[in-house]
1. Taking segment B:48-77 as the region of interest, how many residues are touching a residue at least 12 places away in the same chain (Cβ under 8 Å) and over 17 Å from residue A:70 (Cβ atoms)?
2. Within segment A:64-88, which residues are outside any strand (DSSP E or B) and either among the β-branched types (Val, Ile, Thr) or in contact with a His (Cβ under 9 Å, 6 or more places away or on another chain) (or both)?
3. Quick check, is residue A:5 at pLDDT below 95, more than 12 Å from the chain's Cα centre (by Cα) and farther than 26 Å from residue B:101 by Cβ?
4. Which residues, taken from segment A:72-107, are within 12 Å of the chain's Cα centre (by Cα) and within 14 Å of chain B (Cβ to nearest Cβ)?
5. Within segment B:8-61, how many residues are of a type in the set (A, V, I, L, M), in contact with a Ser or Thr (Cβ under 7 Å, 6 or more places away or on another chain) and part of a loop (DSSP other than H, G, I, E, B)?
6. Among (1) more than 13 Å from the chain's Cα centre (by Cα); (2) in contact (Cβ under 8 Å) with a residue 12 or more places away in the chain, there is one condition residue A:41 misses while meeting the rest; what is its number?
7. What are the residues in segment A:23-50 that are in contact with a strand residue (DSSP E or B) (Cβ under 7 Å, 6 or more places away or on another chain) and not hydrophobic (A, V, I, L, M, F, W, C), if any?
8. Can you confirm whether segment A:39-53 contains a residue that is more than 10 Å from every other protein chain (Cβ to nearest Cβ) and among the aromatic types (Phe, Trp, Tyr)?
There are 2 protein chains.
Amino acid sequence: MRDGTTPAAPGGETFADLAAAGGARIERIASRAVRDGAWYEQGWDEFVLLVEGAATLAFADGSRRDLGPGDWCLLPAGCRHRVVATDPAAVTLWLAIHLPPVTPPAA
Amino acid sequence: MRDGTTPAAPGGETFADLAAAGGARIERIASRAVRDGAWYEQGWDEFVLLVEGAATLAFADGSRRDLGPGDWCLLPAGCRHRVVATDPAAVTLWLAIHLPPVTPPAA
C-alpha cells in the first residue's frame with residue numbers, strides 16, 4: 001500500500017484500482033491533510049479499512065467516527081458520508097472495497 | 001481489525017466474515033505462528049492485505065513472497081498458494097477479499 005502515488009498538496013487525494021472482478025472493485029486511496037471532504041452516497045456497499053494515518057468520517061445523522069490504522073467501517077448503500085479530516089501531518093492510506101450493487105427484486 | 005478472536009495455539013487460524021454482497025466476501029483472518037500451512041487453490045480471485053504481523057507465501061512455481069504490514073497480494077483464480085510461515089511471536093492479521101467468481105462464457 002505504500003507503493004503508489006500520493007497527493008502533493010494538502011486536501012488532495014489519489015485513487016488507484018488494485019483489482020476488480022464481477023462488479024467488485026478494490027481501490028487504494030491516498031489522502032493528504034483532507035479537511036471537510038465532499039459528501040458521498042453510493043448505490044452499493046463500500047467497506048473501508050484505514051491502513052496508515054488517521055481520519056474522521058461524518059454521517060448524515062451528525063455522528064462521527066474516528067479511524068486509526070487497522071480500523072474499518074462498512075458504508076452501506078445509501079449511507080451518506082464524508083471525510084471530515086485526515087491526519088494533517090502525514091499521508092493517510094485507505095483500502096476501499098466497492099461491493100457489487102445488489103439489484104432490488106422486480107416489483 | 002484488532003477486535004475479534006485470535007487463535008490461542010501456535011499454528012491456529014480464526015476466520016470471520018466482515019461483509020459480503022453480490023458474490024464478494026470480505027474476511028478477517030488471524031494467524032498465530034503458522035508453519036507450513038495447507039495449499040489452497042480457489043476458483044475466484046482473492047486479494048489479501050497483511051494488516052499486522054508478517055508472513056511468507058509460497059506458490060506452485062517455487063517462488064515466495066514476504067509480506068509485512070500494508071503489503072498486499074492478488075491471488076488469481078487457480079493460483080495454487082500457501083502460507084509458509086507467519087510471525088512466530090505475534091498474531092498476524094489479514095484482510096482477505098474473495099472476489100465474485102467469473103463464470104466462463106458457455107462454449
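The values are calculated or read from the model by the stated rules, or taken from the named source; none is laboratory data. Computed from a predicted model, the values in this text were never measured in an experiment. A quick note on method: Cβ atoms are made from the backbone with ideal geometry, for glycine too, and the neighbour counts reach across all protein chains shown.
1. The qualifying residues number 12.
2. Taking segment A:64-88 and keeping what is outside any strand (DSSP E or B), we get A:68-71, A:76-80, A:87-88.
Hits for segment A:64-88: nothing passes.
3. yes
4. A:72, A:73, A:74, A:75, A:92, A:93, A:94, A:95, A:96, A:97, A:98
5. Number satisfying all stated conditions: 3.
6. Every condition holds for residue A:41 apart from (1).
7. First pass over segment A:23-50, keeping only residues in contact with a strand residue (DSSP E or B) (Cβ under 7 Å, 6 or more places away or on another chain): A:24-40, A:44-50.
Within segment A:23-50, A:25, A:27, A:28, A:31, A:32, A:35, A:36, A:37, A:40, A:45, A:46 qualify.
8. For segment A:39-53, residues more than 10 Å from every other protein chain (Cβ to nearest Cβ) and among the aromatic types (Phe, Trp, Tyr): present.
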